[in-house]
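The block underneath contains the structure these notes are about, expressed in structure tokens.
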Amino acid sequence: MVTEYVEGSTGAELNKREFKVIGTRPPRPDGIDKVTGRALFGADLTAPGMLHATILRSPHAHARIISIDTSAALAMSGVKAVVTSQDFVKQSSSGNQDTLDNCMARGKVLYDGHAVASVAATSVKVANAALKLIKVEYEVLPHETDVDGAMLDTAPVLHEGRKFRNIPEGNNANVSGYWEFGHGDLDAGFAKADIIIERSFKTAATHQGYIEPHATLATMGPDGRGEIWVCTQGHYMVRDLSAAFIGIETSQLRVTASEIGGGFGGKTTVYLEPVALALSKKAGRPVKMVMTREEVFRATGPTTSSSTDIKIGMTKDGRITAGQAKLRYQGGAYPNITAMLGAMTAFASYDLDAVQTLAWNVLTNRPKQAAYRAPGAPMAIYTVESVVDELCQKLGLDPLEVRLMNAAKKGTLSSYGPTFDEIGLVATLEAAKAHPHYTAPLGPNQGRGVSCGFWFNFAGNTSVSMNINEDGTVAVIEGNPDIGGSRASISMMAAEELGIPLEKVRTIVADTNSIGFNDVTDGSRVTFAVGLATIKAARAAIKNMCGRAAQVWGIDADAVDWVDGAAVPTGHNAGEFPPMTLAEIAADQAKTGGPIAGHHEVNVDGAGVSFGVHLVDVEVDPETGFTQIKRYTVFQDAGKAIHPDYVEGQMQGGAVQGIGWALNEEYIYGEDGKLQNAGFLDYRIPVASDLPMIDTVILEIPNPGHPYGVRGVGETGIVPPLAAVANGVSHAAGVRMFELPMSPPRILAAIDGAK
Amino acid sequence: MSKIHVSTTINGDAVEYLCEPSETLLDALRDHVGLTGVKEGCGSGDCGACSVELDGRLVCSCLVLAAEAEGRSVNTVEGMADGEKLHVLQQKLLDHAALQCGICTPGILVAAKALLEKNPDPTETEVRYWLAGNLCRCTGYDKIIRAVMDAAAEMRGA
Amino acid sequence: MRFESPDTIEQAVELLNTCDGISRVLAGGTDVLVQLRLALVEPELIVDIKHIAGMRDITAEDGGFRIGAAVSGAEMGEHVELVALWPGVVEAMELIGSTQVQGRATLAGNLCNASPAADSVPAMVVANAVVTISGPNGARECPVADIVTGPGKTSLGKGEIITSIYLPARVNNSGDAYLRFIPRTEMDIAVSSAGVSLTIDSDGVVTHACVSLGAVAPTVLVVDDAAKAIIGTKLDDDAIATLQAACSAACNPIDDKRGTVEFRTKTAGVMAKRAALIAYSRAGGSK
Amino acid sequence: MVTVTLWGSLRSATGGLKDVEVEARNTGEMLKALAKKYPALESVIEGGVSVAIDGLIYKEAWFTPIKPDSEVVLMPYMKGG
């Protein structure tokens, strides 16, 4: 059959399509390199003549920099270059200037660990010794690390004199963003309720916790041309920012993405790269920079912490009549939009007549927050889903039935504005209700938690090229770092569309000079957007190949179709010539007009939205407050699972990150504003023995915006676990928890407090 | 301060390197021997990405001084496959899609190999506790545990 | 920094005794290397004692076992007779860190690091373990309980090295156990902990007991009131409750990133209660 | 004419209106018309916005057609992880 898809296909049509490669579970193309140790990550490359650079970081949470004297460091034997904020170019956009100032403090240090200067030397040891010779004179200022504290009029102001857009009267100078969403008459909605619950919640900042620390190798010659090797989620982003920060044109900088040892949103910005490039420019030699784990915690991407008030009204039979959320997020020392995303997602699972969400983003003396898997959504949905659970408990209603009764569906006016198209929440809830997990008996001190989750998917700028090689193999060239197995799924979509065996396709992630622009690997976009561009690039190649066959056969190009990996004559020529396979067309390409390739460059639209439902059984030790996860099942709509293993992997990984957030992970600051747990010993991510198997149920409600129905799956999995675990703990311990993480001391205090 | 000359055996080969007294075995393997399959995730023994076998004993190479390797035997992930033939554990990790980013994979493989040499028939709980020092942030461990259990079964059968 | 790996204890003592700057003894290295990495200490001399005869041996002696200062936790766990005699000490040692850390970490190192939260120390204290020390003035012996004098501080003099730790013989119908509270299942530092060693008679009545607590005071606490609470009992509920209350009453913990005063105080009692029940069962008692 | 629904905090720029009408055939024309009609929206639009048309979210796509009966929602610029 012809592997053609009709623009505007509905979900039902997509469901009918028969796939040969899509939906199978072949081994990943980068697998052998990764199990043999051959794969090259950020810190694995060296260059002849390479220097090593390290960073001097602020010991203060908030201080004015009076002076920096680098002369003694520069005079030290083995030191080749020193940079401070003076060595970078002022930026025209405030967002880029913030990113630059976060890479190298300008005027003030805004958090413990803020970079102040950097030294490139012949070894890490020499560079570290030189850092000690840099004299920085600080005027220490009062600091604030708590979101509610930073909103008080008495709070120290981080950015004096800076004006932020759309901030209503009555907010102090640390409020960097304010947003409102919703619809309907809130008062009327609450008036219809039989019961109204109002609660306040707090969640701690967590870190993405990728195991690979940030690392880069940069080199810049006297000709003003640079190269960067780096572990990043987006090497075009690294190119654009690094070039702008040192004042060169993007064409002069070529960036290659290494294998990346985890990102989860935390590698969607720059920290070391512009610094290494600036040092290399000064020293005239390659410069390598690798963060220590302590630096990763002190100076890179934690999430926002939050403080939220929720009010929800419900009728006795479980219909939600109105919902309101006030979300206050601190995202560290620079503005961001995470509270806004929290406000957009908080009530997105529900079909509501009256809903309002208000969001404040607040500046504090903490590291500049970075995106983390569905940024803003987990903590917002945690609060809503906790209150919905409490309402169900008080009314004696089944939590899944209530969610089904109120679930958003096609035609629902979403709480953030638009009306939903085909979405999979109801199907996901029904799958959870029908699953044996939901009715399995519970033991003593055990409780079962349920939560819905929602996240947007994003698409964006994408370029894909596809070369048809003379031996009948295909090279796919794309530009998005592979963080979860995307080279496998891209290869699979190419093979599917071309109608050839998967092993004939090899996908590579090219450097910034080898293919067109690509947005960062974020927003669950790669399988969706790069997949879409790959399918369209394949169609371009197919069109070319059909034309070659037509020429050989001496018939009209329109009279050739592409079936199962071969050109076939159609219409009145049908059956006149035997099919001409891709391999045959490829072999003769020089004779039929030259190299055959297909490519597609597009700002992709049409990303769907994604829903998941998580079920968890927990057991709480009433004497210690220790929580054990006994059973866990994830239900998620994938649209179409290209490689089900990797879809399951995303669901499982997201769930476990959420479990960590719920139970133990937190940034702990002392009175002095210094981070107290900058290491994996006391920043406690889940270990293997903390967990059971994570069961998964993939639902496939096709996304009409993708030829194969794909939805992004990378982020949604982290959204429901916070509330699912909190609800489970509340049932197991017999006391409701309002603060994350639910570490044993907090749970035990709540249990003892309720006695 | 002079460097220390170390003669050791790495993945069965006699290897010599010069190191500073304060350098770790991890530094020496990566920077002097070129075995970058050994990864640094923390430098403090908390993540297990730098796991190697030292005289047959599973250790974090970041918690061993490079000088201590004198006269001893070190095995890394690079020594697991036999030429083109992957070790059963390597194959099973691929078959079960038990890796995403892959940065923890070398450490997991070395640790799992050490487990199966000591205990060919571990329970799920034993595998989970043995691997508790190997942090993985991508997978939630599920597929890793399944892959190790499957490898154990196949190795027992072989 | 200088690295030395002497063949004899005399050489090791001489190296340490003549070093003017900061020096460190390297056995398993699981604490020392972390301190080096974080630049918490910049020693002039590191003395690796693993090449000294006897340091890596577990030797039967007078019904007990002598454990060399460089014996790793993994090696202790593999020693069937040692595990049978002092299961609580071995399990305390094996709780420290990961499998990887177990391949290196030592009892002597855990003791000398002098952390209030050291897992093996409460277990060794209730076992009446005795340390053998070599120094410039020859060898001496010292109860484990007298080594740690405060957080990060020991009673060892300049040039002194622990060479072995002796876990004594014990009478029949004895058992020991160690439990700690951590927020995860593995890979954490004890928030509170308890070691219990006891002996019962043929009727199941406790005739001897020793109870210790870790991570709830600057050094390990021996709680005599807790021992008294169960001596002469069959660990009935009242006796256990009294032991638990005595333990909580003895606590003098701090608030820090790992736990609050209230949490440590309460869970120390819980750990002691549970450890006592395990020790009782190991001694052959049944409830 | 198309009706554009604004997110809540933009009402201050439209004199309290949540739904505003402009003449436009595609998103680019819609954004230009909005900025012209409500100058206070100009800096917001320049700073980056998303547009949802009949439930699908578009970023910076000027030539996406808008039908007169399309549901059009102006949303903030969003980014994932």
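Residues A:383, A:419: which one is crowded, with 21+ Cβ neighbours inside 10 Å and among the hydroxyl-bearing types (Ser, Thr, Tyr)? Give the steps one after another, and end with the answer.
On the way: A:419 fails: crowded, with 21+ Cβ neighbours inside 10 Å.
Just a single option satisfies the conditions, and that option is A:383.
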Self-check item: Of residues in the stretch C:1-51 being closer than 24 Å to residue C:94 by Cα and touching an Asp or Glu at 6+ places or on another chain (Cβ under 7 Å), the one farthest from the other protein chains (Cβ to nearest Cβ)
Solution: C:51
Practice problem: Go through the stretch A:32-73 and give me each residue that's away from chain B (no Cβ under 14 Å) and of a type in the set (S, T, N, Q). | Solution: A:58, A:67, A:70, A:71
Quiz item: Would you pick out the residues in the stretch D:1-33 that are in a loop (DSSP other than H, G, I, E, B), small (Gly, Ala, Ser) and either surrounded by 19 or more Cβ atoms within 10 Å (Cβ to Cβ) or within 13 Å of chain A (Cβ to nearest Cβ) (or both)?
Solution: D:16, D:24
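Do we find a residue being at pLDDT 95 or above, closer than 30 Å to residue A:372 by Cα and crowded, with 19+ Cβ neighbours inside 10 Å anywhere in the stretch B:147-157?
Taking the stretch B:147-157 and keeping what is at pLDDT 95 or above, we get B:147-156.
So of that shortlist, the ones also closer than 30 Å to residue A:372 by Cα come out as B:147-148.
Applying the additional criterion that residues be crowded, with 19+ Cβ neighbours inside 10 Å yields B:147-148.
Checked the stretch B:147-157: at least one residue is at pLDDT 95 or above, closer than 30 Å to residue A:372 by Cα and crowded, with 19+ Cβ neighbours inside 10 Å.
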Quiz prompt | Hits in the stretch A:674-711 (condition: within 11 Å of chain B (Cβ to nearest Cβ) and outside any loop (DSSP other than H, G, I, E, B)) | solution = A:688, A:689, A:690, A:694, A:695, A:696
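Given A:607, A:641, which one is assigned to a loop (DSSP other than H, G, I, E, B) and modelled with pLDDT under 95?
Numbers: A:641 fails: modelled with pLDDT under 95.
Of A:607, A:641, the one residue that is assigned to a loop (DSSP other than H, G, I, E, B) and modelled with pLDDT under 95 is A:607.
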Practice problem: Check the stretch A:295-315 and report whether any residue there is assigned to a strand (DSSP E or B), within 14 Å of chain D (Cβ to nearest Cβ), in contact with an Asp or Glu (Cβ under 6 Å, 6 or more places away or on another chain) and surrounded by fewer than 24 Cβ atoms within 10 Å (Cβ to Cβ). | Solution: no
Self-check item: Total residues in the stretch A:149-197, condition farther than 30 Å from residue A:315 by Cα and away from chain D (no Cβ under 14 Å)
Solution: 17
Self-check item: Qualifying position, being part of a strand (DSSP E or B), crowded, with 24+ Cβ neighbours inside 10 Å, in contact with a strand residue (DSSP E or B) (Cβ under 9 Å, 6 or more places away or on another chain) and not basic (Lys, Arg), among C:165, C:133
Solution: C:165
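In the stretch A:497-551, which residues are among the polar types (S, T, N, Q), crowded, with 24+ Cβ neighbours inside 10 Å and out of contact with any His (no Cβ under 6 Å at 6 or more places or on another chain)?
Just the residues of the stretch A:497-551 that are among the polar types (S, T, N, Q), to begin with: A:507, A:512-514, A:518, A:521, A:524, A:527, A:534, A:544, A:551.
Now restrict to residues that are crowded, with 24+ Cβ neighbours inside 10 Å: A:507, A:512, A:518, A:521, A:524, A:527, A:534.
Once the filter is applied, which keeps residues that are among the polar types (S, T, N, Q), crowded, with 24+ Cβ neighbours inside 10 Å and out of contact with any His (no Cβ under 6 Å at 6 or more places or on another chain), the stretch A:497-551 yields A:507, A:518, A:521, A:524, A:527, A:534.
More than 30 Å from residue A:688 (Cα to Cα), surrounded by fewer than 24 Cβ atoms within 10 Å (Cβ to Cβ) and at pLDDT 95 or above: does that describe residue C:247? Step through it out loud before you land on a result.
On the way: more than 30 Å from residue A:688 (Cα to Cα): yes; surrounded by fewer than 24 Cβ atoms within 10 Å (Cβ to Cβ): no; at pLDDT 95 or above: yes.
So residue C:247 does not fit the description; no.
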Practice problem: Mind counting the residues in the stretch C:147-181 that are over 28 Å from residue C:284 (Cα atoms) and in contact with a helix residue (DSSP H, G or I) (Cβ under 9 Å, 6 or more places away or on another chain)? | Solution: 12
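Whether any residue in the stretch A:171-183 is surrounded by fewer than 18 Cβ atoms within 10 Å (Cβ to Cβ), among the aliphatic types (A, V, I, L, M) and not in a helix (DSSP H, G or I) is what I want to check. Write out each step before concluding.
Filtering the stretch A:171-183 for residues surrounded by fewer than 18 Cβ atoms within 10 Å (Cβ to Cβ) gives A:171-172.
Narrowing the set further to residues that are among the aliphatic types (A, V, I, L, M) leaves none.
Scanning the stretch A:171-183, I find no residue that is surrounded by fewer than 18 Cβ atoms within 10 Å (Cβ to Cβ), among the aliphatic types (A, V, I, L, M) and not in a helix (DSSP H, G or I), so the answer is no.
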Quiz item: Picking from A:460, A:484, A:424, A:447, which residue would you name as being out of contact with any helix residue (DSSP H, G or I) (no Cβ under 7 Å at 6 or more places or on another chain) and either at pLDDT below 95 or away from chain D (no Cβ under 14 Å) (or both)?
Solution: A:424
Quiz prompt | Sole exception among (1) part of a loop (DSSP other than H, G, I, E, B); (2) within 20 Å of the chain's Cα centre (by Cα) for residue C:40, by number | solution = (2)
Quiz item: Taking residue C:199, is it at pLDDT 95 or above, more than 14 Å from chain B (Cβ to nearest Cβ) and closer than 30 Å to residue C:69 by Cβ?
Solution: yes
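For residue B:25, state whether it is within 14 Å of chain A (Cβ to nearest Cβ) and hydrophobic (A, V, I, L, M, F, W, C).
Numbers: within 14 Å of chain A (Cβ to nearest Cβ): no; hydrophobic (A, V, I, L, M, F, W, C): yes.
In short, no.
Taking the stretch A:219-264, which residues are aliphatic (A, V, I, L, M), more than 24 Å from residue A:34 (Cα to Cα) and either buried (at least 21 other Cβ atoms within 10 Å of the Cβ) or in contact with a helix residue (DSSP H, G or I) (Cβ under 8 Å, 6 or more places away or on another chain) (or both)? Talk me through it step by step, then tell me what you get.
Let us first name the residues in the stretch A:219-264 that are aliphatic (A, V, I, L, M), namely A:220, A:228, A:230, A:237-238, A:241, A:243-244, A:246, A:248, A:253, A:255, A:257, A:260.
Then keep just the ones that are more than 24 Å from residue A:34 (Cα to Cα); that gives A:220, A:237-238, A:241, A:243-244, A:246, A:248, A:253.
Within the stretch A:219-264, A:220, A:237, A:238, A:241, A:243, A:244, A:246, A:253 meet the criteria.
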Exercise. Return the total of residues in the stretch A:404-420 being away from every other protein chain (no Cβ under 12 Å) and in contact with a strand residue (DSSP E or B) (Cβ under 6 Å, 6 or more places away or on another chain).
Key: 1
Quiz prompt | Scan of the stretch A:430-454 for residues that are surrounded by fewer than 22 Cβ atoms within 10 Å (Cβ to Cβ) and more than 26 Å from residue A:734 (Cβ to Cβ), ordered by number | solution = A:430, A:431, A:434
Quiz prompt | Filtered residues of the stretch D:34-59 (kept if more than 7 Å from chain A (Cβ to nearest Cβ), closer than 26 Å to residue A:462 by Cα, free of Cβ contacts under 8 Å to residues at least 24 places away in the same chain and within 12 Å of the chain's Cα centre (by Cα)) | solution = D:45, D:46
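The values are calculated or read from the model by the stated rules, or taken from the named source; none is laboratory data. Just so you know, these numbers come straight off a predicted model, no measurement behind them. We place every Cβ from the backbone using ideal geometry, glycine too, and count neighbours over all the protein chains shown.
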